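K.L.:
Quick one: this structure, given as structure tokens, is what I'll be asking you about.
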Amino acid sequence: MSAIHRESRECLGRRFLLSSLLLWASGARAADNMSLDSHLSFDSLYKSVGVLGTQYSERAKLLKGHTVRMRGYIAPPLKPESKFFVLTREPVAVCPFCSSDAQWPSDIVVIYLKATLGPVNFSQRIEVAGRLEMGSWTDPENGFVSQVRIVDAEVSKL
Amino acid sequence: MRFKPSYLLPVLCAMLVSSTVVAQTIFPLTRADILAGSHFDFKVEFGAVVDPDQIKVTINGRDYSKVLGKKAQLLAREDGKEVSSLLLRDASIRKPGPYTVQASDGQHSATVAWRVYATPAKPVAKNVILFIGDGLSIAHRTAARILSQGIEGGKFTGKLAIDDMPYMALLTTQGTDSIITDSANAAHAYTTGHKSCVNALGVYCSRAASTLDHPRVDTITALAKRRGMAVGAVTNSEIEDATPAAMVAHTRRRSDFNDIVKMYYDSKIDVLMGGGSPNFLPKSTAGSKRGDDVDYIDLFRQADYKIAISKSEMQAAADDARTTRMLGLYNTGNVDGALDLKFLKKGSVSKFPDQPDVPEEMAAALKVLSRNKKGFVLMVESARIDKYSHSLDPERAIYDTIMLDVAVKQAKEWAKANGNNTLILVTSDHSHAVSVIGTVNDEEPGVDMRDKVETYAEAGFPNYPAPDAQGYPGKVDVSRRLRMTFGAYPDHYDTFRPFMDGEFVPTLRNADGLMVANEKYKAVPGAVLREGNLPNKGARASNSGVHSGDDVVLTASGPGADKVHGQMENTELFRIMADALALASQETGAAAKPRKK
């Protein structure tokens, strides 16, 4: 069963712990060192988003396996102190992990961090830097299926 | 349904006897009304691991297996836990009447009462169209009437199609677990005639560990398909969403979207339209939300469904006389609502420029379904009245109420032109805490927006332009507009005006896990921070408006509609459809009594 299908109370009941490692500062430095060319936006990630599937842009295909930077919002996570979160184009008001009737937007990017993420403001736009992966992959730990990932990632404030 | 003290007596006695011991539960729950011949799962949950030899289960004093025709499976340690259950899938009772079920494990006992009901032998209606305005409340109705009908001499100059129906009732919406329902449980009541609990579709809520293992009950889709009728469901939500899913699904958890897609496929429902395509795509396709590599688009196509992914494809497929099955998926998420689709072009309209609205979906569905000479059942949902009420966005909810009205008007015209043998039911699944309290007049002096709110005589009439042919005013951001308020809300900025740039996102969770007002709207001129009156932290934190327990209105026309009157349980709507279509098994005595030799 996919982790998307967790019931509301088991998820929302967990407190967001504040003791985890903060990555803001180191992430910001990492981002500064990267070239502008590695920047990918939600718009430039896809050539088209259609009912029968999405098509990645040529630029995204070229950047596959390389370090990229992407800006967006952190969706409320499945569990606190996670090395995993979902990056969305707009702030996600509902936690689709938690709500019984909310679905993820179609154009999400799943982020796997180098180190555990500290407390975040879900209405604050952030930048992620890491290696771009594409293609269907099921997380063995939580069953979450993703199509686009940024791995070994670091997060910086904007 | 009248209250009969005698009906409840065995149950009350059993409750007194068993109140000091481990609970024992029988499904269907007590006071279930069961359509004669319909399928249901019979389950007895014992409070501990029980000795099979000590189990005694009777129905009207006879061994249950004689009455139900087969023996149940004993789950000695259900789901590996120290409890036993009896489970019999697909039971049915053909003879109408009262049934008392008693279950004992030798030490404890429980009793429930069911009523099995018949329907007339012959149908009075050939077709049924069930309209559900999701979340449609009295205020939405009133507001839609104000925007799309003129007022002259204090009277409306015309009627909404949803109002202009000869029969009306108030439906109560509570379930087996709560006075407040959700769209799953509420639609389940309409499509099965049984009460259930929040998040459940086509099942009673038992202790089963898997969401797919709970005791099931028949859906209107299964019953109609057994009669050779065609069945359809069209909506502007994702097609896996609770209301359309209730047509076919059996799950304790409405968010089992991938399972629900399989249930649609297995049900052989003839017409299916809405958004939510990613759950049909194999995981190897970019954009998929499936966890497996099953390509449901391809499976539906192989099962002779015409596939449409735009309005023009939908209309072409429906016009083709050979089309008898159709899957229409028009958006990866929800299909855009009327205000965005027709006027503001916000939401996902730029991404999906050729989406049909609900009346257009319905028109296509009617063409396809009416090719079945045995008749059809069609559920038509205007889904986003609810979604926009959750997001505290009144104008979008009102425009989608007008869209529901357009569809009902067309359906009535279709019924009139096609034999006057279609039962049309128009209702909501639950309410929202909404009210029309007056107008907001930008011409009033002052800076504070609250000082521009006009009530009583000062409210006067809003100045929306005259509606177009369908009933939509072409401009929503007028200088004197409706003031629709929400009675239950999270922290948010009240802007006193429509959201021209896209649906309102009132509330977000902050770094401390608190639900806080979305700062994006702070800069809107005159915006006022409303401190919420709903929980903002922990498991029950709310980021949106919530359903209310207020009754909903059911209006009806056509053959069989005369049974709609007064105050009714929402489950009685199912019975009205079953009666009109004569869905009960007409063989009596076969299961309730031994056959005469």
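K.L.:
Which helices (runs of 4 or more DSSP H) does region B:275-381 wholly contain that include 2 or more residues that are more than 9 Å from every other protein chain (Cβ to nearest Cβ) and within 21 Å of the chain's Cα centre (by Cα)? Please lay out each step first, then the result.
P.N.:
Working: elements: B:296-302, B:311-319, B:358-369.
Passing ranges, in order: B:358-369.
K.L.:
When the residues of region B:512-542 are filtered to those that are buried (at least 17 other Cβ atoms within 10 Å of the Cβ) and more than 28 Å from B:ASN441 (Cα to Cα), which remaining residue is nearest to the chain's Cα centre (by Cα)?
P.N.:
Applying the filter and picking the extreme gives B:SER542.
K.L.:
Now for a different question. Looking at region A:56-76 only, could you name the residues that are modelled with pLDDT under 90 and farther than 27 Å from B:ALA245 by Cα?
P.N.:
Quick first cut of region A:56-76, residues modelled with pLDDT under 90 only: A:73-76.
Hits for region A:56-76 are A:TYR73, A:ILE74.
K.L.:
Could you tell me whether B:GLY291 is over 23 Å from B:SER348 (Cα atoms) and either touching a helix residue (DSSP H, G or I) at 6+ places or on another chain (Cβ under 6 Å) or without any contact (Cβ under 8 Å) to a residue 24 or more places away in the chain (or both)? It would help to see each step written out before you state the result.
P.N.:
Values: over 23 Å from B:SER348 (Cα atoms): yes; either touching a helix residue (DSSP H, G or I) at 6+ places or on another chain (Cβ under 6 Å) or without any contact (Cβ under 8 Å) to a residue 24 or more places away in the chain (or both): no.
No, not satisfied.
K.L.:
Filter region B:44-98 down to the residues that are hydrophobic (A, V, I, L, M, F, W, C) and in contact with a helix residue (DSSP H, G or I) (Cβ under 8 Å, 6 or more places away or on another chain) and list them by number. Don't jump to the end; show me each part of the working.
P.N.:
The initial filter retains those residues of region B:44-98 that are hydrophobic (A, V, I, L, M, F, W, C), namely B:44, B:46, B:48-50, B:55, B:57, B:59, B:67-68, B:72, B:74-76, B:83, B:86-88, B:91, B:93.
If the condition is that a residue be hydrophobic (A, V, I, L, M, F, W, C) and in contact with a helix residue (DSSP H, G or I) (Cβ under 8 Å, 6 or more places away or on another chain), then B:VAL57, B:ILE59, B:ALA72, B:LEU74, B:ALA76, B:LEU88, B:ALA91, B:ILE93 are the ones that fit.
K.L.:
With respect to A:ASP37, is the statement that it is more than 12 Å from every other protein chain (Cβ to nearest Cβ), modelled with pLDDT of 50 or more and over 29 Å from B:THR211 (Cβ atoms) true? Step through it out loud before you land on a result.
P.N.:
Details: more than 12 Å from every other protein chain (Cβ to nearest Cβ): yes; modelled with pLDDT of 50 or more: yes; over 29 Å from B:THR211 (Cβ atoms): yes.
Spelling it out, A:ASP37 is indeed more than 12 Å from every other protein chain (Cβ to nearest Cβ), modelled with pLDDT of 50 or more and over 29 Å from B:THR211 (Cβ atoms).
K.L.:
Which of the residues belonging to region B:223-251 are buried (at least 24 other Cβ atoms within 10 Å of the Cβ), out of contact with any strand residue (DSSP E or B) (no Cβ under 6 Å at 6 or more places or on another chain) and not polar (S, T, N, Q)?
P.N.:
B:LEU223, B:GLU240, B:ASP241, B:ALA242, B:VAL248
K.L.:
Does B:ASP213 qualify as being in a loop (DSSP other than H, G, I, E, B) and surrounded by fewer than 24 Cβ atoms within 10 Å (Cβ to Cβ)?
P.N.:
Numbers: in a loop (DSSP other than H, G, I, E, B): yes; surrounded by fewer than 24 Cβ atoms within 10 Å (Cβ to Cβ): yes.
Yes: the conditions hold for B:ASP213.
K.L.:
Can you name the residue in region B:498-511 that is facing another protein chain (nearest Cβ under 7 Å) and surrounded by fewer than 22 Cβ atoms within 10 Å (Cβ to Cβ) and is also modelled with the lowest pLDDT among such residues? Talk me through it step by step, then tell me what you get.
P.N.:
Just the residues of region B:498-511 that are facing another protein chain (nearest Cβ under 7 Å), to begin with: B:505, B:507-511.
Remaining after also requiring surrounded by fewer than 22 Cβ atoms within 10 Å (Cβ to Cβ): B:510-511.
Values: B:ASN510: 82, B:ALA511: 76.
If we take residues in region B:498-511 being facing another protein chain (nearest Cβ under 7 Å) and surrounded by fewer than 22 Cβ atoms within 10 Å (Cβ to Cβ), then B:ALA511 is modelled with the lowest pLDDT.
K.L.:
May I pose another question? At least 3 residues that are modelled with pLDDT of 85 or more, within 11 Å of another protein chain (Cβ to nearest Cβ) and over 11 Å from the mean Cα position of the chain (by Cα) in each: list the strands (runs of 3 or more DSSP E) lying fully within region A:106-158 that qualify. Break it down stepwise before answering.
P.N.:
Working: elements: A:109-113, A:126-138, A:145-157.
Because the criterion is at least 3 residues that are modelled with pLDDT of 85 or more, within 11 Å of another protein chain (Cβ to nearest Cβ) and over 11 Å from the mean Cα position of the chain (by Cα), the strands (runs of 3 or more DSSP E) in region A:106-158 that meet it are A:126-138.
K.L.:
Failed condition for B:GLY106, given (1) under 30 Å from the mean Cα position of the chain (by Cα); (2) not in a strand (DSSP E or B), with all others met?
P.N.:
B:GLY106 satisfies every listed condition except (1).
K.L.:
Search region A:52-64 for residues that are more than 7 Å from chain B (Cβ to nearest Cβ) and pair each with any residue that is of a type outside the set (Lys, Arg) and part of a helix (DSSP H, G or I) when their beta-carbon atoms are under 8 Å apart and the residues are at least 6 apart or on different chains.
P.N.:
A:SER57/A:SER44; A:SER57/A:LEU45; A:ARG59/A:SER44; A:ALA60/A:SER44; A:ALA60/A:LEU45; A:LEU63/A:SER38
K.L.:
Show the residue pairs that are 6+ apart or on different chains and have beta-carbon atoms under 8 Å apart, the first residue being within region B:456-482 and touching a residue at least 40 places away in the same chain (Cβ under 8 Å) and within 15 Å of B:PHE496 (Cβ to Cβ), the second being among the basic types (Lys, Arg) and outside any loop (DSSP other than H, G, I, E, B).
P.N.:
Correct list of pairs: B:PRO462/B:ARG480; B:PRO462/B:ARG481.
The values are calculated or read from the model by the stated rules, or taken from the named source; none is laboratory data. Small disclaimer: the values here were computed from a predicted structure and weren't measured. Methodologically, a virtual Cβ is constructed for each residue, glycine included, from the backbone with ideal geometry; neighbour enumeration extends over all protein chains shown.
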